[in-house]
Amino acid sequence: MIGWLDAQAGASGDMLLGALVDAGVPLAVLQGAVDQLGLGITLQAGTVTRAGLGATKVDVHAPTDTVSRTWADVRALLHEVTAPAAALDVFARLAAAEAAVHRVPADEVHFHEVGAHDALADVVGVTAGFAHLGLTALHCSPVALGSGTARGAHGPVPVPAPAVLALLQGKPVQAGGSPQESTTPTGAALLAGLVTDWGLLPAMTVDRVGTGAGARDPAEVANVLRLVVGTAAQQPAAAVLLETNVDDLDPRLWPQVLSALLAAGASDAWLTPILMKKGRPAHTLAVLCSAPVAPAVRAVVFRETSSIGLRESRVGKHALDRTESTVEVDGQPVRVKTAWLDGQPVNSNPEWDDVVAAATALGRPAKQVLAAAIARITPR
């Protein structure tokens, strides 16, 4: 199962709690995790509307918290209970972000609002909820952060809040449609700690959708966060296609270049004659490989050719199942590859290098050995 968060209206702890409950996570699972904190916190779920859309709002009810906790205090509290490991990671991210904003060591960070009971409940409850879902991946859309100013413990804070920007550095974000705080530091830390992939809704079969509500109901946007849960759709295997045009390489070098590319892990490499500007004859070198070996393949292109740049694209690849067997021609082994479609053999071909080796050993023309090998093929 995978999940996708639609954060075009932003994200906060209560929005994430509501989305989880609305998607089918029992409130008791979240409450059980929060109870371990021993702070007398209770969660209450109810149905609300935001811009006419029905959603679940989870409210946190807790005794008044006047303690200004440091990261060391929160860390000690979470270590005392069996809180999800992700909860500790989320607060560690918050501490690092606040430390960077206030230019102080992380252990000296005073969380203020973030250290309050409701934030502890948000982090522990949300991490427990996602652990209950057991997702293999959690995707998220670009996150709306809001704009304007908000009131913080020390006075007015620009929106997006500095801590939010620090937490979501390197992630896709946008201002969004509402001129107010749309993503809280707690929400940003939860996204930073739990999301594995960022982007639009991935290819999936939708199983359920949970809609969590924020506290406000602005006119500009439905203040909800949606959690879509389902099964990842089967996709063609991804491959990397590298291409470059070369017009100044001694053509005698090309066979060695192609061999080096295959040795580096490329699944295929080929040349296409082209005519470049001013009538110059040239070749397009194309290389197909998997993403993990792409760096090694790029290095071969730059070392072995005169190219100073590459075009790179991701392409889908459909490959038939293949098996390997061996036939004998007058005592000489020749390997055979067979391709299968829906359980039926569709292509069987002897390995050419084996055919040449057998022909050399037998003192016979390669075409005769090839014909004999083909005649002996029984797909398996």
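The figures follow:
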item	result
Count of the stretch 222-240 residues which are assigned to a strand (DSSP E or B), surrounded by fewer than 16 Cβ atoms within 10 Å (Cβ to Cβ) and not hydroxyl-bearing (Ser, Thr, Tyr)	3
Strands (runs of 3 or more DSSP E) contained in the stretch 134-213 and holding at least 2 residues assigned by TED's automatic domain parsing to the domain that holds residue 93 and within 28 Å of residue 234 (Cβ to Cβ)	137-140, 204-213
Entirely in the stretch 255-340, the strands (runs of 3 or more DSSP E) that have 1 or more residues that are over 29 Å from the mean Cα position of the chain (by Cα) and β-branched (Val, Ile, Thr)	268-275, 281-289, 321-329
Residue that is farthest from residue 275 (Cα to Cα), among those in the stretch 240-254 that are over 38 Å from the mean Cα position of the chain (by Cα) and aliphatic (A, V, I, L, M)	253
Options 247, 217; residue that is without any contact (Cβ under 8 Å) to a residue 60 or more places away in the chain and not hydrophobic (A, V, I, L, M, F, W, C)	247
Test: residue in the stretch 59-69 that is within 28 Å of residue 178 (Cα to Cα) and surrounded by 20 or more Cβ atoms within 10 Å (Cβ to Cβ)	yes
Residues of the stretch 20-36 that turn out to be crowded, with 20+ Cβ neighbours inside 10 Å and either among the β-branched types (Val, Ile, Thr) or in contact with a helix residue (DSSP H, G or I) (Cβ under 9 Å, 6 or more places away or on another chain) (or both), as a count	7
Of residues in the stretch 172-224 being charged (D, E, K, R) and in contact with a Ser or Thr (Cβ under 9 Å, 6 or more places away or on another chain), the one nearest to residue 162 (Cα to Cα)	181
Extreme residue, nearest to residue 86 (Cα to Cα), among residues of the stretch 49-58 that are surrounded by fewer than 17 Cβ atoms within 10 Å (Cβ to Cβ) and of a type in the set (A, V, I, L, M, F, W, C)	53
Qualifying position, being free of Cβ contacts under 8 Å to residues at least 24 places away in the same chain, within 29 Å of residue 36 (Cα to Cα) and either surrounded by 15 or more Cβ atoms within 10 Å (Cβ to Cβ) or hydrophobic (A, V, I, L, M, F, W, C) (or both), among 76, 87	76
Failed criterion for residue 131 (all others in (1) in contact with a Pro (Cβ under 7 Å, 6 or more places away or on another chain); (2) not in a helix (DSSP H, G or I); (3) not aromatic (Phe, Trp, Tyr) hold)	(2)
Residue within the stretch 126-138 that is farther than 21 Å from residue 24 by Cα and in contact (Cβ under 8 Å) with a residue 40 or more places away in the chain present	no
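The values are calculated or read from the model by the stated rules, or taken from the named source; none is laboratory data. Computed from a predicted model, the values in this text were never measured in an experiment. Counting neighbours? That spans all protein chains shown, and the Cβs are built from the backbone with ideal geometry, glycine included.
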